[in-house]
Amino acid sequence: MRAVVVGGGIGGLAAAVAMRRAGLDVTVFERAPAFGEIGAGLTLMSNALRGLDVLGLRDAVVDGGVAEASVGTRTPDGRWLSRLRADEAASRLGATVVGIHRARLLQILLDALPPDVLQAGAEVVGVEAGPPATVGVVREGVEDMVEADVVVVADGIDSRLRSALLPGRGGTRYSGSTAWRAVTAEPWTEPLSPAITWGPGSEFGIVPLGDGRVYWYGATTMEPGARVDDEAAEVRRRFGGWHDPIARLMDATDPAAVIRHDLRDLATPLPTYVVGAAAVLGDAAHAMVPHLGQGACQAIEDAVVLGAAFSGGTPAAEALRRYDSERRSRSQWVAASARRIARIGQELRNPLAVRVRNAAIRATPPQVALRSMARFAAWEPPVYR
């Protein structure tokens, strides 16, 4: 059985690994001239690590990342609202959180695939869902038609193929917030307490990475599309007066490495993740705001479930029905939950509401709060036949 994956990001490559494990002949088309990942860091929770374990990649990811030393929430002046050691969280709830650079995770996935599976500089210009599916792909200026038993659409939040397969569906919306992201230029040698810091309408996060560097981000509510000539200076203006070591992390970062994105998600959930012999996956299926740290985790879950559905020689139509049934409700629930967390977290601006929220967090035992968050990571991967 032949599979074509459109998109060489985390979700697409994980899907390629998973479908090869299920015995499919896989080709990945990536329109960029080379496989690579721009961006900074991300967090992988225990659900993603369980999925990666099924793919035989958990150890490589854990070795390439770092388990956070603590989890918690602070105020801009540094006061802790809630704090729990990561080892305690893991032992009580299995809520392991690993910080890893996007580029490192992508390389681990690439290393798991034979070179002949990967075709960069290949732009998919259309898909006929079939079955069987037909993929129009342009390579070196020449268009070709490729037939496949299944096409995995993993071309990101702005997926053109999603819009073609599901006309009138899949539009995105601005969440109301923009975010700056960066990684320190060199390893951080001082003590560090990873945490999320909430101020009125703003959030700052600190995540250590496996190579000793630190991924940090700042998000704030504002009008969409705003840009300045010096984004590093802008994020410093907004967050440089917050608690230590935020300003020093910015000092340790190359200003040119600071990237900025408006935060978006899908305006309405998709009615299906499958059209004919085509399946949408990752951000193309359920782009979500990052406030639960589940975007990459859900893409990995998608990939593992899709591969398992095809294992054992399951016919394509049945496998795709199983994928849609198992993935759509869970991933859309996580996406909706991320929006709710954003509203009571980073997006909350009213001073009285902020005080009430902070008081509620202080009054809630950390274990109770973490148990609530850990439910999003409470996923067990399917068994490959």
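Taking the conditions exactly as written (surrounded by fewer than 20 Cβ atoms within 10 Å (Cβ to Cβ), acidic (Asp, Glu) and under 23 Å from Thr75 (Cβ atoms)), does Glu203 satisfy them or not?
no
Could you pull out the residue among Ala299, Ala374, Ala335, Ala303 that is touching a residue at least 40 places away in the same chain (Cβ under 8 Å), within 21 Å of Pro131 (Cα to Cα) and aliphatic (A, V, I, L, M)? Spell out the reasoning first.
Values: Ala299 fails: within 21 Å of Pro131 (Cα to Cα); Ala374 fails: within 21 Å of Pro131 (Cα to Cα); Ala335 fails: within 21 Å of Pro131 (Cα to Cα).
From the options Ala299, Ala374, Ala335, Ala303, the qualifying one is Ala303.
How about the stretch 279-335: which of its residues are aromatic (Phe, Trp, Tyr) and under 18 Å from the mean Cα position of the chain (by Cα)? Break it down stepwise before answering.
Step one: list which residues in the stretch 279-335 are aromatic (Phe, Trp, Tyr), which gives 310, 323, 333.
Passing the criteria: only Trp333.
What's the total number of residues in the stretch 120-130 that are crowded, with 18+ Cβ neighbours inside 10 Å and either touching a helix residue (DSSP H, G or I) at 6+ places or on another chain (Cβ under 9 Å) or not small (Gly, Ala, Ser) (or both)?
Residues meeting the conditions: 4.
Return a yes/no flag: does the stretch 221-234 have any residue that is in contact (Cβ under 8 Å) with a residue 24 or more places away in the chain, surrounded by 18 or more Cβ atoms within 10 Å (Cβ to Cβ) and in a strand (DSSP E or B).
The answer is yes, given that some residue of the stretch 221-234 is in contact (Cβ under 8 Å) with a residue 24 or more places away in the chain, surrounded by 18 or more Cβ atoms within 10 Å (Cβ to Cβ) and in a strand (DSSP E or B).
Any chance you could count how many residues in the stretch 177-204 are at pLDDT 95 or above and in a strand (DSSP E or B)?
13
Of the numbered conditions (1) surrounded by 20 or more Cβ atoms within 10 Å (Cβ to Cβ); (2) assigned to a loop (DSSP other than H, G, I, E, B), His243 fails exactly one; give the number of that condition.
(1)
List the residue pairs whose Cβ atoms are under 8 Å apart, where the first residue sits in the stretch 17-42 and is in contact (Cβ under 8 Å) with a residue 12 or more places away in the chain and surrounded by fewer than 18 Cβ atoms within 10 Å (Cβ to Cβ), the second is assigned to a loop (DSSP other than H, G, I, E, B) and among the aliphatic types (A, V, I, L, M), and the two are 6 or more positions apart or on different chains.
What qualifies is Gly23/Met1; Asp25/Met1.
Is there any pair linking a residue in the stretch 150-173 that is crowded, with 17+ Cβ neighbours inside 10 Å to one that is assigned to a helix (DSSP H, G or I) and modelled with pLDDT under 95, with Cβ under 7 Å and at least six apart or on different chains, and which?
As it stands, the answer is Gly170/Ser163, since those pairs meet every condition given.
The values are calculated or read from the model by the stated rules, or taken from the named source; none is laboratory data. Bear in mind that the values here come from a model prediction, so they are computed numbers and not experimental data. When we count neighbours, we look across all protein chains shown, and the Cβ atoms used for this are built from the backbone with ideal geometry, even at glycine.
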